[in-house]
Every structure is written in structure tokens, then in C-alpha cells.
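Single-structure report; data block below.
The values are calculated or read from the model by the stated rules, or taken from the named source; none is laboratory data. Computed from a predicted model, the values in this text were never measured in an experiment. FYI the Cβ positions are ideal-geometry reconstructions off the backbone, even for glycines, and counts take in every protein chain you see.
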Amino acid sequence: MTQTLPPGQHRRLDFPRFGLLRFAQRMPTQAPPLRLRVCGLVRKELWLDAAAWAGLQRVTLQCDFHCVTGWSSAGLSWSGVRMRDVYQALIQAQAEPDDQVAYVLMRGSDGARACLPLADLLAEDVLLADQLNGQALGLDHGAPLRLVAPAHYGYKSVKHLERLEFCRDLSRYRSSAWRFMDHPRARVAHEERGRWLPGWLLRWLYRPLVTFTVRRFAKAGTADRLAKHG
Ligand SMILES: Nc1nc2c(c(=O)[nH]1)N[C@H]1C(S)=C(S)[C@@H](COP(=O)(O)O)O[C@H]1N2
Ligand SMILES: [Mo]
């Protein structure tokens, strides 16, 4: 947890459900059992479930969360397993990714997509999280499993994670958002909000959308729960 925020971020006291507007309505109705497909440039496809990483060390990580639109939530506590451990203990051993793999494409069960360089995914602070602030992860924040990559803008931290596709490059990747909004790395410290346009401009363009988006996501989440669970 940091005292000062990265460039262009302002603090929120809550941690709102958030994303591109079209995903507001697509929250899964029930968390399916955790099942993560590992595919792409691998010798053997793999489906990982909770039993598969039962032997891995569980970790809890305190960090701030930074959305590309400019809001940050401080001091969240995520628990799960390190992506690095999953990669080294399970994926390398059982799926045998090709030596040329440089990127990983991620997909959530609501259809949201993101990519990151493999090297970024293997950083010490990248988790596959199933708990937030000591509680099982709720549907609003990505149950049953989400990525948490605190050094990158929130759009890389895919919720309801169901697929990791290993690739040589980004030629097969279609981003969820317009391309100018999607930076291949999106490092917060470098203000890599998107491509082609400078960070300060994107920040200024996004800012008016935040309140509206937070309301839409909150409303869709609540309506969904009421419809499904009475
Ligand atoms: N599957 C999925 N993952 C997603 C999103 C989404 O809409 N769907 N939104 C992204 C964005 S833009 C942000 S800021 C964070 C928000 O996480 P939260 O809803 O848990 O606050 O999730 C990211 N991961
Ligand atoms: Mo975001």
C-alpha cells in the first residue's frame, strides 16, 4: 500500500464494481466451479481446478488498485496463489509452453479480454485471487477467480478468469475496448493508459464517465442479484 498515488490517480474510499459499460449486465449469475483452461502455444492443453493448486503456497497481498479512468482504491487485501507459482509448478510442468511464448491472452466468462507479456504475469505481486479482504471473492469482484496485477491498470486484472492462452505475439488478440484504449502492458507507474494518446489526455477523456459507470455497474449488479435470488 502506498501513501502517494501514481500519476493522474485520485483516491476513492470504496472499491466499486467497474469496467466497460457493455460488461455491466454480463455478471455471471452464479460463480461456476473454478476451472481455468490453459491453451495456445502449449504441447498439451490443461484445465486447472482448485484441487490442482491445493499444494501451492497461499499468499495474501496488500495493494492499491488503479483503474485507467483515474480512480484508485487503497489497501485492498487479496488472497490466492501467485501466478508465478501456478506457472512454474503446474503450467510449465504439465502444459509445456513453447519457448517462443511472449504474451498471454486472458478471458473472463463475461467475455472480457486482456493481454499481458508473460514476463509481467510472472512478477512477484501477480496473483490468481479467490479472496478479497478476508472473504470469498464475490461475483461483483470476479468470482470464482480473478487476476490481480497491481502494477498494471485495472483492465488487466481480468475477473471471472476462465482462459489463459499462450502466444508468440499479439496477432490473435482482439481487445475488449477500442485499440487506442488498450496498452499491451498498461503499467501504472509509466502512465501507460492506452496507446497513441498521452496518459494525461486519456485521463481527461475518461474522467467524466466514472460516476455514471459506477452507478450503472452497481445497478446492474443489484438488479441481477434480485432477479436471480429473489
Ligand atoms: N471479466 C471482467 N474483468 C474485468 C472487467 C470486466 O468488466 N470484466 N473490468 C476491468 C476494469 S476496467 C477494472 S477497473 C476492474 C474493476 O474491478 P472490480 O469490478 O472488481 O472493481 O476489473 C477489470 N476486469
Ligand atoms: Mo478500469
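Consider segment 98-110 and keep the residues that are away from ligand 2 (no atom under 16 Å from the Cβ) and more than 10 Å from residue 168 (Cα to Cα). The one that is surrounded by the fewest Cβ atoms within 10 Å (Cβ to Cβ) is 107.
The rows are residues; the columns are (1) more than 23 Å from residue 79 (Cα to Cα); (2) modelled with pLDDT of 95 or more; (3) in contact with a Cys (Cβ under 6 Å, 6 or more places away or on another chain).
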| site | (1), (2), (3) |
| --- | --- |
| 122 | no, yes, no |
| 126 | no, yes, no |
| 149 | no, yes, no |
| 187 | no, yes, no |
| 194 | yes, yes, no |
| 200 | yes, no, no |
| 218 | yes, no, no |
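Considering segment 1-39 alone, what residues qualify as being touching a Gly at 6+ places or on another chain (Cβ under 7 Å) and either modelled with pLDDT under 90 or closer than 10 Å to residue 71 by Cα (or both)? Within segment 1-39, 1, 8, 9, 10, 26, 27 qualify. Which members of segment 107-130 meet the condition of being among the acidic types (Asp, Glu), assigned to a loop (DSSP other than H, G, I, E, B) and within 16 Å of ligand 1 (Cβ to nearest atom)? Correct list: 110 only.
For residue 37, indicate whether it is closer than 15 Å to residue 108 by Cβ, away from ligand 2 (no atom under 15 Å from the Cβ) and either out of contact with any strand residue (DSSP E or B) (no Cβ under 7 Å at 6 or more places or on another chain) or not in a loop (DSSP other than H, G, I, E, B) (or both). Judged against the criteria, residue 37 is a match. Residues that are part of a loop (DSSP other than H, G, I, E, B) and closer than 16 Å to residue 83 by Cα were ranked within segment 50-69; the one that is farthest from ligand 2 (Cβ to nearest atom) is 55. Could you please give the count of residues in segment 159-173 that are surrounded by fewer than 18 Cβ atoms within 10 Å (Cβ to Cβ) and touching a Ser or Thr at 6+ places or on another chain (Cβ under 8 Å)? Selection size over segment 159-173: 0. One residue stands out in segment 75-97 among those that are crowded, with 17+ Cβ neighbours inside 10 Å and touching an Asp or Glu at 6+ places or on another chain (Cβ under 8 Å): the one that is nearest to residue 192 (Cα to Cα), namely 76. Checking the conditions here, which among 60, 4, 29 is on the phi < 0 side of the Ramachandran plot, away from ligand 1 (no atom under 13 Å from the Cβ) and in contact with a strand residue (DSSP E or B) (Cβ under 6 Å, 6 or more places away or on another chain)? 60 is the lone residue from the list that is on the phi < 0 side of the Ramachandran plot, away from ligand 1 (no atom under 13 Å from the Cβ) and in contact with a strand residue (DSSP E or B) (Cβ under 6 Å, 6 or more places away or on another chain). Scanning segment 185-201 for residues that are at negative phi, of a type outside the set (A, V, I, L, M, F, W, C) and assigned to a loop (DSSP other than H, G, I, E, B) returns 185, 190, 192, 193, 194, 195, 198.
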